[in-house]
1. In this structure, does residue A:305 turn out to be in the same structural domain as residue A:124 (by TED's automatic domain parsing), more than 30 Å from residue A:92 (Cβ to Cβ) and surrounded by fewer than 16 Cβ atoms within 10 Å (Cβ to Cβ)?
2. Please tell me if residue B:110 is over 23 Å from the mean Cα position of the chain (by Cα), over 20 Å from residue B:289 (Cβ atoms) and surrounded by fewer than 24 Cβ atoms within 10 Å (Cβ to Cβ).
3. What tally of residues in region A:123-147 results from selecting those that are facing chain B (nearest Cβ under 10 Å) and in a loop (DSSP other than H, G, I, E, B)?
4. For the condition away from every other protein chain (no Cβ under 14 Å) and farther than 20 Å from residue A:141 by Cβ, what is the one hit in A:219, A:255, A:209, A:274?
5. Would it be correct to say that residue A:11 is surrounded by 14 or more Cβ atoms within 10 Å (Cβ to Cβ), within 28 Å of residue A:78 (Cβ to Cβ), of a type in the set (Ser, Thr, Tyr) and facing chain B (nearest Cβ under 7 Å)?
6. Are there any pairs, at least 6 apart or on different chains, whose C-beta atoms fall under 8 Å, with the first in region B:397-423 and over 19 Å from residue B:235 (Cβ atoms) and the second assigned to a loop (DSSP other than H, G, I, E, B) and hydroxyl-bearing (Ser, Thr, Tyr), and if so, which?
7. Go through region A:35-64 and report how many residues are in contact with a Leu (Cβ under 8 Å, 6 or more places away or on another chain) and under 23 Å from residue A:419 (Cβ atoms).
8. Can you go through A:175, A:191 and tell me which one is facing chain B (nearest Cβ under 7 Å), modelled with pLDDT of 95 or more and closer than 21 Å to residue A:205 by Cα?
2 protein chains.
Amino acid sequence: MDVHEFRKLGYQVIDWIADYMDKGYEGPVTPNCQPGDLLKQIPTSPPQEAESGSQVLADFQEMILPLTSHWNDPRYMGYFPCNHSGAGILGELLSAGLNVNAMSWATSPAATELEMVMMRWLGELLGLNWPGTIQDTASTGTLCAMLAAREQVAAINADGYYGKKPLVAYASDQAHSSAIKAARIAGIGDAFLRAVPSNEQQAMNVTALKAMIEQDEQLGNVPFFVMATVGTTSTTAIDPVAEIADICVAKGIYLHVDAALAGTAAILPEMRWLMDGVAQADSFLFNPHKWMFTNFDCSAYFCKDPMQLKRALAIQPEYLKTEHDASVENFRDWSIQLGRRFRALKLWFVMRTMGVKGLQDRIRLHLEMAKWFAQQVADHPQLSLWSQPKLNTVCVYLDGDGQTESLMKRLNETGSVFLTHTVVNSRYLMRVSFGQTHQTWTHVHQLWKLIQDQLAAD
Amino acid sequence: MDVHEFRKLGYQVIDWIADYMDKGYEGPVTPNCQPGDLLKQIPTSPPQEAESGSQVLADFQEMILPLTSHWNDPRYMGYFPCNHSGAGILGELLSAGLNVNAMSWATSPAATELEMVMMRWLGELLGLNWPGTIQDTASTGTLCAMLAAREQVAAINADGYYGKKPLVAYASDQAHSSAIKAARIAGIGDAFLRAVPSNEQQAMNVTALKAMIEQDEQLGNVPFFVMATVGTTSTTAIDPVAEIADICVAKGIYLHVDAALAGTAAILPEMRWLMDGVAQADSFLFNPHKWMFTNFDCSAYFCKDPMQLKRALAIQPEYLKTEHDASVENFRDWSIQLGRRFRALKLWFVMRTMGVKGLQDRIRLHLEMAKWFAQQVADHPQLSLWSQPKLNTVCVYLDGDGQTESLMKRLNETGSVFLTHTVVNSRYLMRVSFGQTHQTWTHVHQLWKLIQDQLAAD
């Protein structure tokens, strides 16, 4: 592709994205398709001769779009928001243009330093005065935190686990599955990851946590890591971080706070209580790529003492040594990966072009949408509200076996909305997750009408 | 940023990238800057009110560009290629527009299936008929392979390491540092990662490997993982994969082949020997984001038996269950991370718009550049060639303490080239890494003239 073709197609792609953002996707928000529907359209071998970029772009529109789940269409209310924005897209585009590897300060001074400042900006929005780095996902962040914690209590990096007392990690039974995955990867093992029971609000039972820690101590095990969740994936439940922190501080146990979704809400003064107790923790994570209008991937990882993380992850082979290593941050030493994209650019574009007030206004709107919708559900004769939403997610159910699942399925089949489910205490719940960048009241009202129509049709 | 502003700035960014690709960066290829040079230009707090996108774009050009290492300028010959291309950038831009989370088939059928086909295409180019997935980096790939191997020999995921025989991993003393990092993260520990000596070509000494494995067996340890490297980071040395594979197969040890850089060269028929023995291994990785004109991040990870990987990494919480889970690939189960970007798009754009022949022609050109340059060095009275380059990287030195480092420093200070170093057997080597997307003979000749001029000025 020569520069002339790049320029021409580049304009076309910008135009397409502009229309996509402005009007949403013209077809169903999620595809009604079967496994293999794309496989059978794409040749099994690459072309020998070059094809035109226009042809690939045409195929993108014809083959890819109809088989895509449109996460950034305002009708998408499944899982969690995964927000792009015009500013975020331009940041990504510039990052792709430069395509630097931000593994070390020396390999890209601007990328490293902008990342430092963006983490400072985010910290200020949250009232958290800790340094940080941008990880790709919360899963990676959880693993980083667990490794930092592990290295605090035992020299596993040097010696491995053999002959040592078992290290034990704790997270609630509502914690994200990445806690299990991290414990496996880090070699802790399911046997030493305790699922702390949660209470009727799906928040961690702190009394149970304390008892479990003490039981492990009596067994001669070494409690080393607790993960508290602010806004669980399933129902956005909120663990009592301050109480958990009290236990961790008293026991000298590392505390990681996973606020992947909910952290964004804490930029509102009236929601700052979400951060209660976090200052007593060791690390804190939230994903601007979820609810803060910043393209995926962008996971903001803060740590009270970066040396904890660097002790776990820093490696210095000869070919990566540079003149300034002693006086700069090399973010490869804060990460699982060596290679790193220039992710700070998109955050810079988003925060500056929206401004703090713009970010707050948009998040406040989403919270109001969730409240309004919850009220309609509560007032409806057939629907039940699982709990009053504190955040962006409303969990809803119908009485009767299979009724909720059936309703959700029929709603999704319209192609006019996409919702996902969870199961809590054996109850199937339909989750409605607000917070998409382009969502307006119109979309909320359309959803509510759609639900009423479906129920009326029963 | 409204759609109108997005469109206007989008065009401007496309224009800027087009010029950047066409002409290279106007200033020095790497900045002559000090730590803090960007920090002092960016306000410590985010703006309260929205700023215009034009202002941010202007600041990008004024503040970010002069402090960036221009990895995609053809004068950049440090480390390894980290290639963008017009097609790769458009793929990234479309991916940013959709911004899907490709964690599961159901969350983005097109992203999952295109990834499957792109891995098939890449496999065909390499003569490797294995399924695969796109990881972010080779570091992550090494970790995935080690975890797959670990779970083959011991139920660490379930039980942890306690009471088990030590598991031992092997890689040459020239292997990438990610082997050490993976062994630490996975809890193997430095104590059980053996650095197998390399020979005078920096290739793994297979006799030593065999002896080390047998010694571990005698100690009652469990050899479980060998990493062979095709194209080391330092000098692009090539381990004898076929011989290593013979040992691994005989002993039932998992073999991972790291060809992060060199794998791209194996798409040339005359370089296919790089793949010798790989079919006997368990997993193989190369990075199209290095030398194959595909934007970072794009690391192609192939595995003979995906169940090995999935046994190590699959987790199925309730909120991620979908209707088709039994009949589709959910690539989250092949990855450290849960969330995944739509990385296959850029590969699709690159492979189709260049065609197999176009890819091969470009790689062949880079190999010729390395050969030509090596010949000039060999013929030069002062310079010495470390070894005949088999790939894109030429290692060069001058006799006399500090002479090579001094030459490299002076070359880099001109801003007309960027080179990095390594140290092998206590000898400081200047590495010249060819393979940038926009590199032509002009750049190679300019480099050679620059070196001659510097030497003449001594």
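1. Numbers: in the same structural domain as residue A:124 (by TED's automatic domain parsing): yes; more than 30 Å from residue A:92 (Cβ to Cβ): yes; surrounded by fewer than 16 Cβ atoms within 10 Å (Cβ to Cβ): yes.
Here the answer is yes, as residue A:305 does meet what is asked.
2. Values: over 23 Å from the mean Cα position of the chain (by Cα): yes; over 20 Å from residue B:289 (Cβ atoms): yes; surrounded by fewer than 24 Cβ atoms within 10 Å (Cβ to Cβ): no.
Taking the combined requirement at face value, the residue does not satisfy it.
3. Result for region A:123-147: 2.
4. Numbers: A:219 fails: away from every other protein chain (no Cβ under 14 Å); A:255 fails: farther than 20 Å from residue A:141 by Cβ; A:274 fails: farther than 20 Å from residue A:141 by Cβ.
Result of the check over A:219, A:255, A:209, A:274: A:209.
5. Numbers: surrounded by 14 or more Cβ atoms within 10 Å (Cβ to Cβ): yes; within 28 Å of residue A:78 (Cβ to Cβ): no; of a type in the set (Ser, Thr, Tyr): yes; facing chain B (nearest Cβ under 7 Å): yes.
In short, no.
6. B:412/B:30; B:415/B:30
7. Looking only at region A:35-64, we keep the residues that are in contact with a Leu (Cβ under 8 Å, 6 or more places away or on another chain), and these are A:37-38, A:42, A:46, A:53-54, A:57, A:60, A:63-64.
Checking which are under 23 Å from residue A:419 (Cβ atoms) leaves us with A:37.
Residues in region A:35-64 being in contact with a Leu (Cβ under 8 Å, 6 or more places away or on another chain) and under 23 Å from residue A:419 (Cβ atoms): 1 in total.
8. Details: A:175 fails: facing chain B (nearest Cβ under 7 Å).
Unique residue meeting the criteria: A:191.
The values are calculated or read from the model by the stated rules, or taken from the named source; none is laboratory data. These numbers were taken from a predicted model, which means no experiment stands behind them. We place every Cβ from the backbone using ideal geometry, glycine too, and count neighbours over all the protein chains shown.
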